[in-house]
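Visitor: Got a structure for you, questions after.
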């Protein structure tokens, strides 16, 4: 499966691509409205849609295996781990599903507005095996909401464990440190906050962005963030200091990725930029999309970018010097989302 890529679109479909031949090898049809989110596990593809459903697809053939019913509004996010899948919705709830049977095992209620970001802090990160048995599962699920809060949930009960309160805008992104002890939340109030994961006690507030935080990534002692202010920043987690600002984009930075000393950013200006993380120097700009870059993946010396212009592009990232090394430019025009 290393030669496969997967996209979902506003045209209600998903597509499997062979990255060697650049051909579509599977069409995922069944959703009645646009697809909002996708999660790929070792065995399945899960998609969520504005049609209120989650669908499970065969990773090889693209055939729909099961439809998960229960949400009463748009599904905003799907994540999966082991034999469990989780979905958040505009209906203010989060649901936990058995990935094989499609049974809804838990519905987590407590948020007052739409729920989008989800993060599973697995018990396996703390030295224990992942448990499918819900009654003996110590994993913690974190959800973020437009109600300005994040909440943590235990797998063996429907009740909220901790509410993380302090933001004055929607919580739109989540991250944890490597030890699973601190939670980081990014908000439309232009701040990032850190919390004690288990108690909910506030630790620090990271201020410096001038508009909504879009995504955060914690790497050892550093945290990277991107924002609607067109900037990305690097922070020292312990002290809350901003040590680097990455400039150059002309629109909201939608996604970022730190990898091997480089920071990749995708933006509403239709470009992906690659920065040297320590110096902040822009090493490369991938230019060619005619719409926002909604997502990207960096693997095996290539960058795969999906855009609102409906195209999936593949770029050579081995040398990181010349712009516009667009290798393939001819993939599906219907608002690729993921």
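Visitor: Calculate, for residue 67 and residue 161, the FRET efficiency according to 1/(1 + (r/R0)^6) with r their C-beta to C-beta distance and R0 30 Å; round to the nearest 0.05. Mind dumping the intermediate values first?
Guide: Working: r = 30 Å, r/R0 = 1.01.
Rounded to the nearest 0.05, the efficiency is 0.50.
Visitor: Give the label of the value calculated from the structure for Cα extents along the principal axes in Å, choosing from [x] 57, 43, 41; [y] 53, 49, 35; [z] 49, 46, 37.
Guide: Recomputing Cα extents along the principal axes in Å here picks out [y].
Visitor: Here's something else I'd like to know. Normalise the Cα radius of gyration of segment 163-311 by 2.2 N^0.38 Å (N = residues in it) and let me know the number.
Guide: Numbers: Rg = 15.1 Å, N = 149, 2.2 N^0.38 = 14.7 Å.
Against the compact-globule rule of thumb, the ratio is 1.02.
Visitor: Starting from the alpha-carbon convex hull of segment 269-315, give the projected area averaged over all orientations, in nm².
Guide: On the way: hull surface 13.3 nm².
Convex hull of Cα atoms, orientation-averaged projection: 3.3 nm².
Visitor: Kirkwood hydrodynamic radius (Cα pairs, Å) of segment 1-58?
Guide: It works out to 11.5 Å.
Visitor: Debye calculation, C-alpha points only, no solvent: report log10 I(q)/I(0) for segment 49-120 at q = 0.18, 0.27 Å⁻¹, in the same order as the q values.
Guide: With no solvent term, the Cα-only Debye profile gives -0.64, -1.32.
Visitor: Per residue, how big is the convex hull around the C-alpha atoms of segment 1-133? Give it to me in cubic angstrom, could you?
Guide: So the per-residue hull volume is 110 Å³.
Visitor: Could you give the semi-axes, largest first, of the ellipsoid that matches segment 220-260, computed as the square roots of 5 times the alpha carbon gyration tensor eigenvalues and rounded to whole Å? Walk me through the numbers on the way to the answer.
Guide: Details: eigenvalues 72, 26, 12 Å².
Ellipsoid semi-axes (Å, largest first): 19, 11, 8.
Visitor: Work out, step by step, the length gained on full extension between residue 198 and residue 168: first 0.36 nm times the residue separation, then minus their alpha carbon distance; give nm to one decimal. Numbers along the way, then the final one.
Guide: On the way: separation 30, 0.36 × 30 = 10.80 nm, distance 2.17 nm.
Full extension of this stretch gives 8.6 nm more.
Visitor: Another question, if that's okay. Under 18 Å from the 7 Å Cα→Cβ point of residue 260, by amide nitrogen: which residues of segment 23-60?
Guide: none
Visitor: Give me the number: length gained by fully extending residue 32 to residue 247, i.e. 0.36 nm times residue separation minus the C-alpha to C-alpha distance, one decimal in nm. List each step's numbers first, then the result.
Guide: Details: separation 215, 0.36 × 215 = 77.40 nm, distance 3.99 nm.
That works out to 73.4 nm of additional length.
Visitor: I would also like to ask the following. Need one number: nm distance between label points at residue 107 and residue 222, each 7 Å from Cα along Cα→Cβ, rounded to one decimal.
Guide: 4.5 nm
Visitor: Now for a separate question. Pop the C-beta distance of residue 100 and residue 58 into the FRET formula with R0 = 22 Å and round what comes out to the nearest 0.05.
Guide: Numbers: r = 13 Å, r/R0 = 0.59.
Using R0 = 22 Å, I get an efficiency of 0.95.
Visitor: Remind me, relative contact order of the chain in percent, using alpha carbon pairs under 8 angstrom and six or more residues apart? Spell out each step's value before the answer.
Guide: Values: 985 pairs, mean separation 28.4, N = 338.
It comes to 8 percent, rounded to a whole number.
Visitor: Could I ask something else about it? Mind giving me the FRET efficiency for residue 10 and residue 299? R0 is 22 Å, r the Cβ-Cβ distance, nearest 0.05 is fine.
Guide: Details: r = 25 Å, r/R0 = 1.13.
The computed FRET efficiency comes out at 0.35.
Read the figures in this text as sums done on the coordinates, not as results from a lab. What you see is a predicted model; the values in this text were computed from it and never measured. Cβ atoms come from the backbone with ideal geometry, glycine included; neighbour counts cover every protein chain shown.
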